[in-house]
1. Does at least one position in segment 94-104 carry a residue that is surrounded by 22 or more Cβ atoms within 10 Å (Cβ to Cβ), over 22 Å from Arg19 (Cα atoms), under 17 Å from the mean Cα position of the chain (by Cα) and not hydroxyl-bearing (Ser, Thr, Tyr)?
2. Residue by residue through segment 191-207, note down the ones that are in a strand (DSSP E or B) and surrounded by fewer than 18 Cβ atoms within 10 Å (Cβ to Cβ).
3. Of Ser242, Ser151, which residue is of a type in the set (S, T, N, Q), assigned to a strand (DSSP E or B), at pLDDT 95 or above and over 30 Å from Gln123 (Cα atoms)?
4. Which of the residues belonging to segment 68-93 are surrounded by 22 or more Cβ atoms within 10 Å (Cβ to Cβ) and of a type in the set (Asp, Glu)?
5. Please work out if Leu57 is touching a Ser or Thr at 6+ places or on another chain (Cβ under 8 Å) and open to solvent by 10 Å² or more (accessible area, probe 1.4 Å).
6. What are the pairs with Cβ atoms under 6 angstrom where one residue, in segment 226-254, is closer than 29 Å to Glu27 by Cα and the other, located anywhere, is β-branched (Val, Ile, Thr) and part of a strand (DSSP E or B)? Sequence gap at least six, or different chains.
7. Hey, among the residues in segment 160-169 that are surrounded by fewer than 17 Cβ atoms within 10 Å (Cβ to Cβ) and under 20 Å from the mean Cα position of the chain (by Cα), which one's modelled with the highest pLDDT?
Amino acid sequence: MNIPDPTKRFSDRVENYIRYRPSYPPEVITFLQTACHLPDRVVVADIGAGTGIFTALLLQKGYSVYAVEPNEAMQSASIDLFKENKNFHPINGTAEATSLDSKSVDLVVCAQAFHWFDAQKTQVEFKRILKDGGYVALIWNNRDALIDEFSIAYENILKNDAIDYNKVNHRNINEIDFKAFFKDGLYQTVKYPNVQVFDEAGFLGRAFSSSYVPQEGTIEGGKFKELLKLMFAKYNKNGMVSFYYQTEIYLGKV
């Protein structure tokens, strides 16, 4: 099976992505501020910025953010959200070719995105755009697939009934050669707990925000939705289900 162009995978998922994808714990920004010794006036490149979930956290701190995103639909959504913010700079580019100036940013972040990139080409580009001493933070919300019966059932439905989950599941990050990517093989890893609680509509929206499930509105999507509804009916507690995550940060220089 060929994996579709990752820069286009989420074009038909934007609304659900905005409404139902998790944000990140506030501890993430605090950690980056301390570990990266960020100056008062920070310039950040958010690579694979998507609809701006992590961008929003950076802008709240008053940072100048270059949000690099190749997907037009996702970038349009972020522009709608942040167009009035003078610190927001949308860039139509990729991780491998950002179009940013050399030595122009203090910090590069990739939230829920690095697993789509060509690591070697991205490493070269990040070296180019970072100021001397700048850091790269690779960040994922890693869903806990084994924490309870609902999580196990959801993982099984993705493995058995989704499109290409087993190929593109971002928990395959253990296949990423972090030692080869970071300078001298040195990086640090920290984790913070994160959770989302959904009613049935939210649960369905969260599921259909993923590019590896059938598209909502198709025959396959309709069948998949019925499976999800049956699962929700079985496992909900007081009309709610929870997605538990570990927010993982891999931080180093390149």
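The values are calculated or read from the model by the stated rules, or taken from the named source; none is laboratory data. Being a predicted model, the structure only gives us computed values, none of them experimental. Here the Cβ is made from the backbone with ideal geometry for all residues, glycine too, and neighbour counts use every protein chain on show. With ligands, DNA and RNA removed, areas are computed over all heavy atoms of the protein, side chains included. Shrake-Rupley method; radii C 1.70, N 1.55, O 1.52, S 1.80 Å.
1. yes
2. Narrowing segment 191-207 to residues in a strand (DSSP E or B): 191-198.
Residues satisfying the conditions are Lys191, Tyr192, Pro193, Val195, Val197.
3. On the way: Ser151 fails: assigned to a strand (DSSP E or B).
Checking each option against the conditions leaves just Ser242.
4. Once the filter is applied, which keeps residues that are surrounded by 22 or more Cβ atoms within 10 Å (Cβ to Cβ) and of a type in the set (Asp, Glu), segment 68-93 yields only Glu69.
5. On the way: touching a Ser or Thr at 6+ places or on another chain (Cβ under 8 Å): yes; open to solvent by 10 Å² or more (accessible area, probe 1.4 Å): yes.
So Leu57 fits the description; yes.
6. Taking only residues 6 or more apart or on different chains, the pairs are Met240/Val197; Ser242/Val195; Ser242/Val197; Tyr244/Val195; Ile249/Ile139; Ile249/Val190; Tyr250/Thr189; Val254/Val136.
7. Within segment 160-169, the first condition is being surrounded by fewer than 17 Cβ atoms within 10 Å (Cβ to Cβ), and the residues that meet it are 160-161, 164, 166-167.
Narrowing the set further to residues that are under 20 Å from the mean Cα position of the chain (by Cα) leaves 164, 166-167.
On the way: Asp164: 69, Asn166: 61, Lys167: 61.
Per the stated criteria, the residue is Asp164.
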